[in-house]
Amino acid sequence: MKIPDKSIFKDSKKEAKFWEKNYKETWKHGKPVKVKFARNLSEIINIRLDPNTLNDVRSQAKKKGLGPTQLIRMWIMEKINGKHTQQAGV
């Protein structure tokens, strides 16, 4: 069974009905996923954002099922890793 993309559901009730009907079958064919957790995030920085930018970040984070700080941290790590990749290819 192919798991549908969340965006195809018109509303949460239809999504809930789908999962109630297909949960067991989907679970049987599921595959383990390796999850990586950040550890020892001991340093804190403050960033000032204007209200419109912060609202945009919150909106994008919500679409991805993340909190705004998680999304910002992810963007920073992507940028850092992309920079290292580009330098290595030079």
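The values are calculated or read from the model by the stated rules, or taken from the named source; none is laboratory data. Please read all numbers here as calculations on a predicted model, not as lab measurements. For neighbour counting, all protein chains shown are included, and Cβ atoms are generated from backbone atoms with ideal geometry for every residue, glycine included.
Some points to look at:
- Pick from region 46-68, criterion under 13 Å from the mean Cα position of the chain (by Cα) and surrounded by 12 or more Cβ atoms within 10 Å (Cβ to Cβ), ranking: nearest to LYS36 (Cα to Cα): LEU66
Listed here are the residues, each with its yes/no results for (1) out of contact with any Asp or Glu (no Cβ under 9 Å at 6 or more places or on another chain); (2) at pLDDT below 80.
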{"residue": "MET1", "(1), (2)": "no, yes"}
{"residue": "SER7", "(1), (2)": "yes, yes"}
{"residue": "GLU15", "(1), (2)": "yes, no"}
{"residue": "PHE18", "(1), (2)": "yes, no"}
{"residue": "ILE44", "(1), (2)": "yes, no"}
{"residue": "ASN55", "(1), (2)": "yes, no"}
{"residue": "GLY67", "(1), (2)": "yes, no"}
{"residue": "TRP75", "(1), (2)": "yes, no"}
{"residue": "ILE80", "(1), (2)": "yes, no"}
